[in-house]
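Input: a single structure, listed below in structure tokens.
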Amino acid sequence: AQKVTQAQTEISVVEKEDVTLDCVYETRDTTYYLFWYKQPPSGELVFLIRRNSFDEQNEISGRYSWNFQKSTSSFNFTITASQVVDSAVYFCALSGGAGNNRKLIWGLGTSLAVNP
Amino acid sequence: KAGVTQTPRYLIKTRGQQVTLSCSPISGHRSVSWYQQTPGQGLQFLFEYFSETQRNKGNFPGRFSGRQFSNSRSEMNVSTLELGDSALYLCASSPGGGENQPQHFGDGTRLSIL
């Protein structure tokens, strides 16, 4: 069975601090995809990144970076120099390569509060 | 390009009633997925439609059903509503096809059951 665990329920930081959101996944598929989404207070889920299981390169996009490690089944997300606008719930999600495994399996989310 | 549009935004129903939610995907997107979001269970996959056919299904009772039209618009129906059906229902669209492309979400319909 597929599963995504986001152990941190809530994180509170002060503006300009760096923060890392953890994501650990379980799957038996050899081909799978990992995603991060952001849900601001307005409610709409915003896509941040997709990674496939064959690409372990870390990725950086501005203040955001992602560390994918198959050896530990983790796909962690770091925000550098956090800002108040980063306050949101962040979800990690997993989908398999084919068939019914293509549905997204979600972690329960990490609520990030960035305080001025 | 217009995003995913869900209507209505808010809905209040009573137990035993039925409800229909609507989703218009991004133009050109052929895959539409539905999710239920609750504080206790988080985001749970309901079903996915692609080219008017249900392609994937989650673990929800038969009271939850959906369909997709030839223009890719989708509707979700819940019959015999229960208190536990109170949730935010999210629709997402993607181009479809073979790869697991990112899904783009609407603002959701918040359903409250009294």
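The values are calculated or read from the model by the stated rules, or taken from the named source; none is laboratory data. What you are looking at is a predicted structure, and each value in this text was computed from that prediction instead of being measured. We place every Cβ from the backbone using ideal geometry, glycine too, and count neighbours over all the protein chains shown.
Counting only strands (runs of 3 or more DSSP E) wholly contained in segment A:34-116, the ones carrying 1 or more residues that are away from chain B (no Cβ under 12 Å) occupy A:59-61, A:64-69, A:74-79, A:88-96, A:110-115. Tell me yes or no: at least one residue of segment A:4-11 is more than 11 Å from chain B (Cβ to nearest Cβ), in contact with a Cys (Cβ under 6 Å, 6 or more places away or on another chain), surrounded by 12 or more Cβ atoms within 10 Å (Cβ to Cβ) and closer than 19 Å to A:Lys103 by Cβ. Scanning segment A:4-11 turns up no residue that is more than 11 Å from chain B (Cβ to nearest Cβ), in contact with a Cys (Cβ under 6 Å, 6 or more places away or on another chain), surrounded by 12 or more Cβ atoms within 10 Å (Cβ to Cβ) and closer than 19 Å to A:Lys103 by Cβ. Count, please, the residues in segment B:56-104 that happen to be touching a helix residue (DSSP H, G or I) at 6+ places or on another chain (Cβ under 8 Å) and within 27 Å of A:Tyr33 (Cα to Cα). Residues in segment B:56-104 being touching a helix residue (DSSP H, G or I) at 6+ places or on another chain (Cβ under 8 Å) and within 27 Å of A:Tyr33 (Cα to Cα): 3 in total.
Set side by side, the residues B:Val19, B:Val32, B:Val4 differ, and just one is more than 14 Å from chain A (Cβ to nearest Cβ), under 20 Å from B:Arg110 (Cα atoms) and touching a residue at least 24 places away in the same chain (Cβ under 8 Å), which is B:Val19.
Going through segment B:57-73 one residue at a time, which ones are in contact with a Lys or Arg (Cβ under 7 Å, 6 or more places away or on another chain) and more than 10 Å from every other protein chain (Cβ to nearest Cβ)?
The first filter runs over segment B:57-73 and keeps only residues in contact with a Lys or Arg (Cβ under 7 Å, 6 or more places away or on another chain), leaving B:58, B:72.
Passing the criteria: only B:Ser72.
Name every residue in segment B:69-114 that is more than 20 Å from A:Ile49 (Cβ to Cβ), among the aromatic types (Phe, Trp, Tyr) and in contact with a strand residue (DSSP E or B) (Cβ under 6 Å, 6 or more places away or on another chain), in order of residue number. Once the filter is applied, which keeps residues that are more than 20 Å from A:Ile49 (Cβ to Cβ), among the aromatic types (Phe, Trp, Tyr) and in contact with a strand residue (DSSP E or B) (Cβ under 6 Å, 6 or more places away or on another chain), segment B:69-114 yields only B:Tyr89. A:Asp22 satisfies every condition listed in (1) in contact with a strand residue (DSSP E or B) (Cβ under 6 Å, 6 or more places away or on another chain); (2) within 14 Å of chain B (Cβ to nearest Cβ); (3) surrounded by 13 or more Cβ atoms within 10 Å (Cβ to Cβ) except (2). Just one of the numbered conditions (1) at pLDDT below 95; (2) part of a strand (DSSP E or B); (3) more than 9 Å from chain A (Cβ to nearest Cβ); (4) under 22 Å from A:Glu44 (Cα atoms) is not true of B:Gln54: (4). Scanning segment B:85-103 for residues that are farther than 17 Å from B:Leu21 by Cα and either surrounded by fewer than 20 Cβ atoms within 10 Å (Cβ to Cβ) or among the aromatic types (Phe, Trp, Tyr) (or both) turns up B:Pro95, B:Gly96, B:Gly97, B:Gly98, B:Glu99, B:Gln101, B:Pro102.
Here A:Leu45 clears all of (1) within 18 Å of A:Thr78 (Cβ to Cβ); (2) buried (at least 17 other Cβ atoms within 10 Å of the Cβ); (3) among the hydrophobic types (A, V, I, L, M, F, W, C) except the condition numbered (1).
Of the set (1) buried (at least 17 other Cβ atoms within 10 Å of the Cβ); (2) under 17 Å from A:Phe47 (Cα atoms), all apply to A:Val85 but (1).
In this entry, A:Thr30 is excluded by the filter for residues that are within 16 Å of A:Cys92 (Cβ to Cβ) and polar (S, T, N, Q).
For segment A:21-60, which positions are among the small types (Gly, Ala, Ser) and either within 22 Å of B:Thr5 (Cα to Cα) or modelled with pLDDT under 90 (or both)? Let's see the steps before the verdict.
First pass over segment A:21-60, keeping only residues among the small types (Gly, Ala, Ser): A:42-43, A:53.
A:Ser42, A:Gly43, listed by residue number.
Listed residues A:Glu59, A:Glu26, A:Glu44; which is out of contact with any helix residue (DSSP H, G or I) (no Cβ under 8 Å at 6 or more places or on another chain), of a type in the set (Asp, Glu) and more than 27 Å from B:Gly40 (Cβ to Cβ)? Before the answer, list the steps.
Working: A:Glu26 fails: more than 27 Å from B:Gly40 (Cβ to Cβ); A:Glu44 fails: more than 27 Å from B:Gly40 (Cβ to Cβ).
After ruling out the rest, the residue left standing is A:Glu59.
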